[in-house]
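Only one structure is covered here, and it is reproduced in the block below.
The values are calculated or read from the model by the stated rules, or taken from the named source; none is laboratory data. The structure presented is a predicted model; accordingly, all values stated were derived computationally and were not measured. We place every Cβ from the backbone using ideal geometry, glycine too, and count neighbours over all the protein chains shown.
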């Protein structure tokens with residue numbers, strides 16, 4: 001891990017990465033997606049769920065598939081599906097302490113919306129520690145792991161991928177990061193989509209706990 005001490009940028013995915021209770025958050029989002037598709041396309045909930053899943057696997061996000069095949073307005077969709085209740089989410093003091101004391105630029109790279117990211121980060125009590133958020137709108141609605149999304153993110157933040165540690169819960173999203181020069185980190189999980197391609201050599205590190213990983217980096221930097 002010694003090479004990590006000189007890295008300048010910490011690039012984090014949002015859902016499933018800055019928090020790991022994906023079901024509690026994305027379970028709500030998923031149900032709203034199904035409901036939206038059902039109402040918008042005038043199909044029953046079973047058919048809506050089938051389309052939602054199909055588009056996710058074929059287009060990396062359900063939204064991308066809906067835009068391609070049904071010309072769905074993306075901002076309307078994102079506003080609808082991210083209208084969720086996060087009152088159960090507690091402030092993460094351990095993660096806050098590690099982020100606060102880590103001498104790196106902290107950035108969010110998400111396939112979701114900025115409003116959703118701010119909602120999650122504020123409930124965790126860490127929103128003020130991030131310099132910026134790159135969301136799906138910034139990417140022109142092109143989702144990770146497409147090169148276009150990554151390159152637009154690099155341009156917006158003005159970062160050098162070679163000086164960047166990139167952390168994701170979805171292993172395959174790290175592929176373009178590695179190609180561009182990032183040090184890539186997969187947050188181990190058992191989600192079917194998350195662990196797909198997790199055995200590939202474009203993953204540099206596999207971790208179980210983000211806060212502990214950040215503490216190790218901080219201690220290296222303080223040596």
_Scan of the range 2-50 for residues that are in contact with a helix residue (DSSP H, G or I) (Cβ under 8 Å, 6 or more places away or on another chain), part of a loop (DSSP other than H, G, I, E, B) and over 26 Å from residue 121 (Cβ atoms), ordered by number_ = 43, 44
*State yes or no: is residue 77 in contact with a strand residue (DSSP E or B) (Cβ under 6 Å, 6 or more places away or on another chain) and in contact (Cβ under 8 Å) with a residue 24 or more places away in the chain?*
no
_Selection from the range 155-184 of residues that are touching a helix residue (DSSP H, G or I) at 6+ places or on another chain (Cβ under 6 Å), more than 20 Å from residue 196 (Cα to Cα) and not in a loop (DSSP other than H, G, I, E, B)_ = 161, 180
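Test residue 11 against the criterion of being within 30 Å of residue 159 (Cα to Cα), surrounded by 20 or more Cβ atoms within 10 Å (Cβ to Cβ) and modelled with pLDDT of 95 or more, and give yes or no.
Numbers: within 30 Å of residue 159 (Cα to Cα): yes; surrounded by 20 or more Cβ atoms within 10 Å (Cβ to Cβ): yes; modelled with pLDDT of 95 or more: yes.
Here the answer is yes, as residue 11 does meet what is asked.
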*Taking residue 25 as meeting all but one of (1) at pLDDT 95 or above; (2) surrounded by 18 or more Cβ atoms within 10 Å (Cβ to Cβ); (3) under 20 Å from the mean Cα position of the chain (by Cα), write down the number of the exception.*
(1)
*Quick one: count up the residues across the range 85-112 that are part of a loop (DSSP other than H, G, I, E, B), within 21 Å of residue 22 (Cα to Cα) and out of contact with any strand residue (DSSP E or B) (no Cβ under 9 Å at 6 or more places or on another chain).*
10
*Any residue in the range 51-70 that is modelled with pLDDT of 95 or more and assigned to a loop (DSSP other than H, G, I, E, B)?*
no
*Of the residues 59, 70, which single one is touching a residue at least 40 places away in the same chain (Cβ under 8 Å), surrounded by fewer than 20 Cβ atoms within 10 Å (Cβ to Cβ) and either more than 27 Å from residue 153 (Cα to Cα) or outside the structural domain of residue 209 (by TED's automatic domain parsing) (or both)?*
59
